[in-house]
Amino acid sequence: MCPGDVINTGNYQPPCRTAARRGCSCGQCKFNHTLAGKIPVNSFSTCQPREGAMRIISRRSFIRSAMAAGGAAAISPVFSMAQQMKKYDFKISLAAWSLRPWFDKTWTNLDLPRIVREDFNLDGLEFVNSFFTLPRYNYLNDLKKRADDYGVTLVLIMCDDDGDMSHNEKSEREIAVRLHHKWIDCAWFLGCHAIRGNARTRTPGTDEERVKRCAESYHSLCEYADQAGINVTVENHGGFSSDPVHLVSLAKQVDHPRFGLLPDYGNFDKSVDRYEALEMTMPYAKAVSVKCRDFDENGHHEAWDLDRMVKITFDSGYRGFMGIEAGSRNMRHWDNVRACRDLMLKYKA
């Protein structure tokens, strides 16, 4: 059987240009006809055209030979999916926002490194600026020491409510930029690689005008952040930022190597296709938020195809931290984090 007749499992490629050009049932290749997956692709490198009439292989014949050679499992859809599942080298972090209902009740910022390691056995932590008590030296030093003790990487700081980076008044935008400086400084001290800002203004103007004003502000902030070696990201987090077209436009207009996006799986506007939106924004990503809603009893994510979102993320070439953010309306957030973690571990090499 010619390799062109083999059902594509995702790992198979035609062995030579001749076979690729002729497609299925070429019957013109000189090699040991073997089922896909039984011989490495490179072993077909000597494939040569040969003389002889074209031999058509029917679907029935293929199935019969497949059953004989590899058993029913060889053509089982479940088996095929398992064969195609790729493993990736990445780490998982916890967005502190996931545990917000218990903030200042059962935990504070200083407890998070322990929780990340002991409760979830994750490798990274993503802060929220509103959870910091007083970002002074002793406090930050204590936080950093606890993270080191538990072997937890401090990934980034999510910054909210520190001014409007796309305000129609330039003086207000300048204030917003300055207010973000302290979080750049904290990120540097803690060893984070980035902060996350916002672009969800409601001030006058069109979205295009807001994007332009916002880009000016973030370029200025990136100039400051560059001195500390800190990246600046913006999330799809309401307003024009939930539209992937505007978000990509923002990244292009900021035009700074320190700037990037933080795509959140759950925050795109309902009017857009979230899978296409993720494909558009991932080329600019410096961080990712794996937003999780409810899972059924079989571990299947119900709100959207989480497996598909994860595949898009990795197919883009991204290999940074995958930040879990629990957003269930029915599950306990602690359980929601674990369910999302368990799904992510399927992909981990």
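Of all residues in the stretch 264-281, none satisfies the criterion of being touching a strand residue (DSSP E or B) at 6+ places or on another chain (Cβ under 8 Å), farther than 17 Å from Asn198 by Cβ and part of a helix (DSSP H, G or I). Just one of the listed residues (Thr106, Thr133) is in the same structural domain as Val288 (by TED's automatic domain parsing), free of Cβ contacts under 8 Å to residues at least 12 places away in the same chain and of a type in the set (Val, Ile, Thr), namely Thr106. Annotation note: of Asp243, Asp185, Asp264, the sole residue that is under 30 Å from Tyr139 (Cα atoms), within 20 Å of the chain's Cα centre (by Cα) and among the charged types (D, E, K, R) is Asp264. If you go through the stretch 217-244 and keep only what is assigned to a helix (DSSP H, G or I) and either surrounded by fewer than 17 Cβ atoms within 10 Å (Cβ to Cβ) or not assigned by TED's automatic domain parsing to the domain that holds His180 (or both), you end up with Glu223, Asp226, Gln227, Ala228. No other residue among Phe314, Phe295 is in the same structural domain as Asn236 (by TED's automatic domain parsing) and within 10 Å of the chain's Cα centre (by Cα) apart from Phe314. Apart from one condition, Ala199 fits all of (1) in contact (Cβ under 8 Å) with a residue 40 or more places away in the chain; (2) closer than 30 Å to Lys348 by Cβ; (3) in contact with a Gly (Cβ under 8 Å, 6 or more places away or on another chain); the exception is (2).
Is one or more of the residues making up the stretch 141-150 in contact with a Ser or Thr (Cβ under 8 Å, 6 or more places away or on another chain) and either part of a strand (DSSP E or B) or within 21 Å of Gly260 (Cβ to Cβ) (or both)?
Scanning the stretch 141-150 turns up no residue that is in contact with a Ser or Thr (Cβ under 8 Å, 6 or more places away or on another chain) and either part of a strand (DSSP E or B) or within 21 Å of Gly260 (Cβ to Cβ) (or both).
Scanning the stretch 161-181 for residues that are exposed (fewer than 14 other Cβ atoms within 10 Å of the Cβ) and within 20 Å of Trp97 (Cα to Cα) yields one hit, Asp161.
If we scan the stretch 245-264, do we find a residue that is among the aromatic types (Phe, Trp, Tyr), buried (at least 17 other Cβ atoms within 10 Å of the Cβ) and modelled with pLDDT of 95 or more? Yes, the stretch 245-264 has at least one match.
If you go through the stretch 284-300 and pick out every residue that is buried (at least 21 other Cβ atoms within 10 Å of the Cβ), not in a loop (DSSP other than H, G, I, E, B) and not basic (Lys, Arg), you end up with 5.
The values are calculated or read from the model by the stated rules, or taken from the named source; none is laboratory data. Treat the numbers as computed from the prediction; the structure is a model and nothing was measured. Heads up, the Cβs are rebuilt from the backbone with ideal geometry, glycines too, and the neighbour counts pull from every protein chain shown.
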